[in-house]
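Each remark here refers to the structure printed beneath this line.
The values are calculated or read from the model by the stated rules, or taken from the named source; none is laboratory data. Here the structure is a predicted model, which is why all the values come from computation and not from measurement. Note that each Cβ is placed from the backbone with ideal geometry, even for glycine, and that neighbours are counted across all protein chains shown. The accessibility values were calculated without ligands, DNA or RNA, using every heavy atom of the protein model including side chains. Shrake-Rupley method; radii C 1.70, N 1.55, O 1.52, S 1.80 Å.
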Amino acid sequence: MPHVITQSCCSDASCVYACPVNCIHPTPDEPDFHTAEMLYIDPQECVDCGACVTACPVDAIRFDGSLAPNETLFAELNADFYRDGRDRPLLAPPVPALRVRRGQDLRVAIVGSGPAAMYAADEILTIPGARVRIYERLQTPFGLARFGVAPDHQRTRGVLRQFDRILADPRVELVLGTEVGVTITHDDLLASHHGVIYAVGASADRALDIPGADLAGVTSATQFAAWYNGHPDFADRRFDLSGSRAIVIGNGNVALDVARILTMNPDLLADTDIAPYALDALRDSRIEEVTVVGRRGLEQAAFTVPELIGLCATPGVDVVVADEQLGILPADDARAVALRGASRRDGNRRVVLDFLLSPTALSGTEPVRTMEFVRNELIPAADGSMRVKATGESHTKEAGLMLTSIGYRGRPVPGLPFDEATATVPNDAGRVIGARRAYVTGWIKRGARGFIGTNKYCAQETVRSLIDDYNSTG
């Protein structure tokens, strides 16, 4: 009986190297690793040894025969990935061990404590004698792994156990409540460390640039998620949940997360890590419908298939898509299968996925706002992609709560160069261009894309650059 990788896959590929027959792909050395939504087990090659189950930090791997009803579609997803065959070696190529050629113990400072930072620390600790000091602005570590993952995604939050084990290493020191650039400078860090790795993420939201976007009652989905996850910067926020409808602009995974949290039965969140004040507010919420709006079509939606499957499996929530949009997908497409299998019961709350709409203006006074949209159409481009073109047809929607979820953006880091166009620190394989002994990893290095585990291989590249520099210059 083969194993199956399910929704909580974090793509850190620990399972890849545990597998004795190389049946888990894509591997980090394969070109599609950085674009794949998750990893997949080949059901024909799996020898059912269970090594991957032990290696997985987020409990994403299940026996085929023990899948819950809402997980059976993942067996098809895993098998479909290998339908056309895949050339591969007997074993996945191992990652070469780091070597330090100089006698002095390596000391590295890491700014930030999210996934990118923790994976960088873990890589450095593979070097005997190396020491790491992690600086975190907040009084609680782990960044988006703690404050960005939805509270009902308990298995995904299991990665925090792995990060706890990294912090438990006696060669790691965690310094909380310290903001680099405010309470301590880059030069201060260089005075006592051989290098400084910035893993500060992309903490700003991309702004919705339309008239009325700054009105009260409009905020970002990331701030709303931080609020219900207990982020100290947002614990005092208040959100108006008295209306019957909310609108989310953008349809990535965060958009689907907040839509699910707003519509699911609060009793299902009672035993999670949700902030108590948020749970109380959700119990009093009158929201019955959340409309998630995307500027492109269903085929181009930003959410991943695993996230959609999870939303469609939420008890007491109907997921609704217009027939003309759903009809675009092949009948055996995993998204179509998930949407057609979503519940339909009287009394359920609803998540409506709407497409081909771009917001143009926001007006009105609380408690109900009106958002104006223009209808789009998709036009084939020369490169084979589909481009959005406004048709001129307008629509309006009313809601009491409006959340934007159109992406993250990095902020400038004091003392480092910054590229406003990409919202990243200019770098070469993690080496900051124009700053001595400074390195970057994670979203501030590559932009806001990828999953929790993607940061592992981003960090490996950065740490390898740091070690190469240390070995050549000391």
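At a glance:
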{"quantity": "All positions within the range 1-18 that are in contact (Cβ under 8 Å) with a residue 40 or more places away in the chain, open to solvent by 30 Å² or more (accessible area, probe 1.4 Å) and in a helix (DSSP H, G or I)", "calculated": "Y17"}
{"quantity": "Some residue of the range 140-160 being modelled with pLDDT of 95 or more, in a strand (DSSP E or B), over 15 Å from the mean Cα position of the chain (by Cα) and not acidic (D, E)", "calculated": "no"}
{"quantity": "Among the candidates I379, I433, residue that is among the β-branched types (V, I, T), more than 20 Å from G250 (Cβ to Cβ) and modelled with pLDDT of 95 or more", "calculated": "I433"}
{"quantity": "Residue satisfying condition, being open to solvent by less than 70 Å² (accessible area, probe 1.4 Å) and either at pLDDT 95 or above or more than 21 Å from C15 (Cβ to Cβ) (or both), within set A97, A120", "calculated": "A120"}
{"quantity": "Of residues in the range 187-213 being among the small types (G, A, S) and part of a strand (DSSP E or B), the one least open to solvent (accessible area, probe 1.4 Å)", "calculated": "G195"}
{"quantity": "Matching residues, the range 50-75, being under 22 Å from P28 (Cα atoms), part of a loop (DSSP other than H, G, I, E, B) and not β-branched (V, I, T)", "calculated": "G50, C56, P57, D59, A60"}
{"quantity": "Complete set of residues in the range 391-440 that are farther than 20 Å from A117 by Cα and part of a loop (DSSP other than H, G, I, E, B)", "calculated": "G400, S405, I406, G407, E420, A421, T422, G434"}
{"quantity": "Test result for A216, open to solvent by less than 20 Å² (accessible area, probe 1.4 Å), among the aliphatic types (A, V, I, L, M) and in a loop (DSSP other than H, G, I, E, B)", "calculated": "no"}
{"quantity": "Qualifying position, being aliphatic (A, V, I, L, M), more than 17 Å from A255 (Cα to Cα) and exposed (fewer than 15 other Cβ atoms within 10 Å of the Cβ), among A338, A322", "calculated": "A322"}
{"quantity": "Leading residue by the ranking (farthest from A334 (Cα to Cα)) among those in the range 19-32 that are crowded, with 18+ Cβ neighbours inside 10 Å and of a type in the set (A, V, I, L, M, F, W, C)", "calculated": "C19"}
{"quantity": "Conditions (1) under 30 Å from V111 (Cβ atoms); (2) surrounded by fewer than 20 Cβ atoms within 10 Å (Cβ to Cβ); (3) not β-branched (V, I, T); number of the one not met by Y408", "calculated": "(2)"}
{"quantity": "First in the range 19-30 and more than 15 Å from D84 (Cα to Cα), second anywhere and open to solvent by 30 Å² or more (accessible area, probe 1.4 Å), Cβ under 6 Å, 6 or more apart", "calculated": "V21/E45; V21/V47; N22/R88; N22/L91; D29/P93"}
{"quantity": "Every residue from the range 417-435 that is in contact with a Gly (Cβ under 8 Å, 6 or more places away or on another chain) and among the aliphatic types (A, V, I, L, M)", "calculated": "A423, V425, A435"}
{"quantity": "Residue selected from the range 280-307 under the condition of a type outside the set (A, V, I, L, M), over 23 Å from the mean Cα position of the chain (by Cα) and assigned to a loop (DSSP other than H, G, I, E, B), by the criterion surrounded by the fewest Cβ atoms within 10 Å (Cβ to Cβ)", "calculated": "D284"}
